[in-house]
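*Asks:* Got a structure for you, written out below as structure tokens; questions coming shortly.
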Amino acid sequence: MSWKTLDDMDLAGKRVLVRVDINVPVENGQVTDTTRIDRIIPTLKDILDKGGMPIMLAHFGRPKGKVVPEMSLRVTLPALEAALGQKVTFVEKPDVTTLSSLEAGSVVLIENTRFAAGEEANDPHMAQCLATLGDVFCNDAFSAAHRAHASTTGIAHLMPSCAGRLMQAELSALEAALSTPQRPVGAVVGGAKVSTKIALLENLVNRLDVLVIGGGMANTFLAAQGAKLGASLMEPDYIETALAIMRSAESAGCKVLLPVDGLVAREFKAGAAFDVIPLSKDTVLDDDQMVLDAGPKAVAAVVAAFGTLKTLIWNGPLGAFEIAPFNQATNAAALEAGRLTKEGALISVAGGGDTVAALNQAGAAADFTYISTAGGAFLEWMEGKTLPGVAALESQST
């Protein structure tokens, strides 16, 4: 590891500024999903156990540098206190005097950092102001690490800094999956569009032994080979891109698995009638037919490929998983990956919004080695990009 963790820091009697991601869903003034809150609790408790005072910095929504009352972090207090098991002090306008007057063992939440225009601009003055509030900076928000903001990057250059437990877990899992994986290593990349994952695919084909392409993306690759797929979701403008990625994969020795059959329907709705149809360069569908999921032979090929791997990265579903019966391929493949992981035969790391939802729906998420709560940051790491929030921590240890 090229970054420090909480284990490397002396926190006794110190105020610890902790960048967290508690940008959670809220309905009618209530937090409806506490996953992100639950995941920061180990960091907060470790800081308390080491004699430090956690002072949380976080954003909520996109107020764009203005005070928007309905985007106040105050709404997260009940869920935070329930998860932590103690009172959390909320501070709208922090200053050293106020924070210094709090009792040892206190936990603090500072109002939405994005209420200040200097946050997203990574304004040096704002970073300096934040740095005066504490003695140590702990970044536990990997999901915001792809943003060079004052509370993620600027502050890290101004004071002793380390990764929190969630950040540490994310980075360790991703390094194990892509930087130094146990081989053979494979990936499932699915979802609607090739256009949103070009950089990801271009990076992965040079690092993988097997690449499974699913979802609407697979339709574009099949079309690039000559298939006529009717009303299926696809991107004609990215035919050449798909061909280039296939050529790169062949040069790199990466085997690409496209679906050899699919569930084809004339309506996109739950319970729609479908046929299982072979898919290849010679496939010709009617104008109103759509490929909505991978078929049983395609799933069998994916499952067989999983059996040859030591490491698996998963991003995106294999079909229209939101509606039955077009969730079959995603569910079957996810359950097999989970089974192999549970047996100790596979290291499996997954991330991305649709991915987490799909794996949860399949009942497989709990069996994966690691599920990332980060969306954009997970993808950018997999694309091989440098994440400013991580780079700032790495610079501390050089």
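The values are calculated or read from the model by the stated rules, or taken from the named source; none is laboratory data. Everything numeric here is computed off the predicted structure, so don't read it as measured data. Neighbour counts run over all protein chains shown; Cβ positions are idealised from the backbone, glycine included. We work out accessible area using only protein heavy atoms, side chains counted, and drop any ligands, DNA or RNA first. Shrake-Rupley method; radii C 1.70, N 1.55, O 1.52, S 1.80 Å.
*Asks:* Would you mind telling me the antiparallel percentage of the DSSP bridges in the chain, rounded to 5?
*Replies:* Close to 20 percent.
*Asks:* Moving on to the next point. More than 19 angstrom separation, counting every C-alpha pair in the stretch 1-110; what % is that?
*Replies:* Here the tail beyond 19 Å accounts for 46 percent of pairs.
*Asks:* For Lys255, which sequence-distant residues (separation of 5 or more, or a different chain) have an amide H within less than 5 Å of its own amide H, given hydrogens modelled in the peptide plane?
*Replies:* For Lys255, whose amide H was placed from the backbone, the distant partners under 5 Å are Val210, Leu211.
*Asks:* For the stretch 1-41, what D do you get in µm² per second when you plug the Kirkwood radius from alpha-carbon pairs into Stokes-Einstein at 25 °C and 0.890 mPa s?
*Replies:* Once the numbers are plugged in, D ends up at 189 µm²/s.
*Asks:* For the stretch 61-184, what does the equivalent ellipsoid look like in terms of its semi-axes, each the square root of 5 times an eigenvalue of the Cα gyration tensor, given largest first in whole Å?
*Replies:* They are 27, 19, 16 Å, listed largest first.
*Asks:* Once label points are set 7 Å from the Cα along Cα→Cβ at both Leu158 and Arg74, what is their separation, rounded to one decimal in nm?
*Replies:* Output for this residue pair reads 2.6 nm.
*Asks:* To the nearest 0.05, how large is the calculated FRET efficiency for Ser395 and Phe268 if R₀ is 41 Å and r is the Cβ-Cβ distance?
*Replies:* 0.25
*Asks:* Using a 1.4 Å probe on the protein chains only, how many percent of the accessible area of the chain belongs to carbon and sulfur?
*Replies:* C and S atoms contribute 51 percent here.
*Asks:* Nearest 10 degrees is fine. How inclined is helix 239-252 to the longest principal axis of the chain, computing both from alpha carbons?
*Replies:* 80 degrees
*Asks:* Next question, about the same structure. Set the Förster radius R0 to 56 Å, insert the Cβ-Cβ distance between Lys93 and Glu322 as r into 1/(1 + (r/R0)^6), and round the FRET efficiency to 0.05.
*Replies:* 0.85
*Asks:* Stokes-Einstein diffusion coefficient for the stretch 115-256 at 37 °C in a medium of 0.692 mPa s, Rh from the Kirkwood formula over Cα pairs: what value in µm²/s?
*Replies:* 182 µm²/s
*Asks:* Would you mind checking which residues have amide H under 5 Å from Ser348's amide H? H placed 1.01 Å from N; only 5 or more apart, or other chain.
*Replies:* Amide H to amide H, under 5 Å and 5 or more residues apart or across chains, Ser348 pairs with Leu312, Thr369, Tyr370.
*Asks:* Provide the gained length on full extension for the span Glu175 to Ile277, in nm with one decimal, where the gain is 0.36 nm per separating residue minus the Cα-Cα distance.
*Replies:* 32.8 nm
*Asks:* Where does each of 25-32, 210-217, 294-301 land if you order them by average Cβ count within 10 Å, highest first?
*Replies:* Descending mean neighbour count gives 210-217, 294-301, 25-32.
*Asks:* Related question: What is the list of residues in the stretch 165-206 whose amide nitrogen lies under 14 Å from a point 7 angstrom out from the Cα of Glu383, following Cα to Cβ?
*Replies:* Flagged as within label range: 194-204.
*Asks:* Rg to Rh ratio, the stretch 313-398, alpha-carbon atoms and Kirkwood radius?
*Replies:* Taking Rh as the inverse mean 1/r over Cα pairs, Rg/Rh reads 1.08.
*Asks:* Next question, about the same structure. Provide the descending list of Cα extents for the stretch 188-227 along its principal axes, expressed in whole angstroms.
*Replies:* 28, 18, 14
*Asks:* Just to confirm the number: angle between the C-alpha axis of helix 35-49 and the first principal axis of the chain, 0 to 90 degrees, nearest 10?
*Replies:* That works out to roughly 40 degrees.
*Asks:* So who's got an amide H within less than 5 Å of the one on Asp261, skipping anything under 5 residues away but keeping other chains? H placed 1.01 Å off N, in plane.
*Replies:* Close amide H contacts, sequence-distant or interchain: Leu279, Gly295, Ala298.
*Asks:* Another question, then. Label points 7 Å out from Cα along the Cβ direction at Asn206 and Ser100: separation in nm?
*Replies:* Placing both labels 7 Å along Cα→Cβ, they lie 5.2 nm apart.
*Asks:* Still on this model: In deg cm²/dmol, rounded to 500, what helix-only [θ] at 222 nm does the chain give when every DSSP H run of at least 4 residues adds -39500 (n - 2.57) and the total is split over its residues?
*Replies:* -9500 deg cm²/dmol, from helical runs alone.
*Asks:* May I ask you to evaluate 6.51 cos²θ - 1.76 cosθ + 1.60, the Karplus curve with θ = phi - 60°, for each residue of the stretch 199-207 and list the ³J(HN,Hα) values in order in whole Hz, giving x for glycine and proline?
*Replies:* 4, 4, 5, 5, 6, 5, 4, 8, 10
*Asks:* Moving on. What length, rounded to one decimal in nm, is gained on full extension from Asn28 through to Ala199, with 0.36 nm per residue of separation minus their alpha-carbon distance?
*Replies:* Taking 0.36 nm per residue and subtracting the Cα distance, the gain is 57.7 nm.
*Asks:* Right, next: In debye, nearest 20: dipole of the stretch 15-104 around its Cα centre with unit charges on the Cβ of K, R (+) and D, E (-)?
*Replies:* Rounded to the nearest 20 debye, it is 300 debye.
*Asks:* Explain nothing, just compute: Karplus ³J(HN,Hα) = 6.51 cos²θ - 1.76 cosθ + 1.60, θ = phi - 60°, for every residue of the stretch 299-305 in order, whole Hz, x for Gly and Pro.
*Replies:* Ordered by residue, 3J(HN,Hα) equals 4, 4, 5, 5, 4, 5, 5 Hz.
*Asks:* Could you give me the ³J(HN,Hα) list for the stretch 208-222, computed from phi with Karplus coefficients 6.51, -1.76, 1.60 and θ = phi - 60°, whole Hz, x at Gly and Pro?
*Replies:* After applying 6.51 cos²θ - 1.76 cosθ + 1.60, I find 9, 9, 9, 10, 9, 10, x, x, x, 4, 4, 4, 5, 5, 5 Hz.
*Asks:* For the residue pair Lys310 and Asp49, what label-to-label distance in nm results when each label sits 7 Å from Cα along the Cα-to-beta-carbon direction?
*Replies:* Rounded to a tenth, the inter-label distance reads 3.2 nm.
*Asks:* Write down the accessible area per residue of the stretch 106-199 in Å², having rolled a 1.4 Å probe over the full set of protein chains.
*Replies:* Roughly 30 Å² per residue, with all protein chains present.
*Asks:* So, R0 is 45 Å and r is the distance between the beta-carbons of Val284 and Ala117; what FRET efficiency does that work out to, to 0.05?
*Replies:* Efficiency, rounded to the nearest 0.05: 0.20.
*Asks:* Something else: Using Cα atoms only, what is the angle between the long axis of helix 165-174 and the major principal axis of the chain, expressed in degrees (0 to 90) to the nearest 10?
*Replies:* 30 degrees
*Asks:* OK, next. Give me Rg over Rh for the chain, both radii from the alpha carbons and Rh done the Kirkwood way, two decimal places.
*Replies:* Rg/Rh for the chain comes to 1.03.
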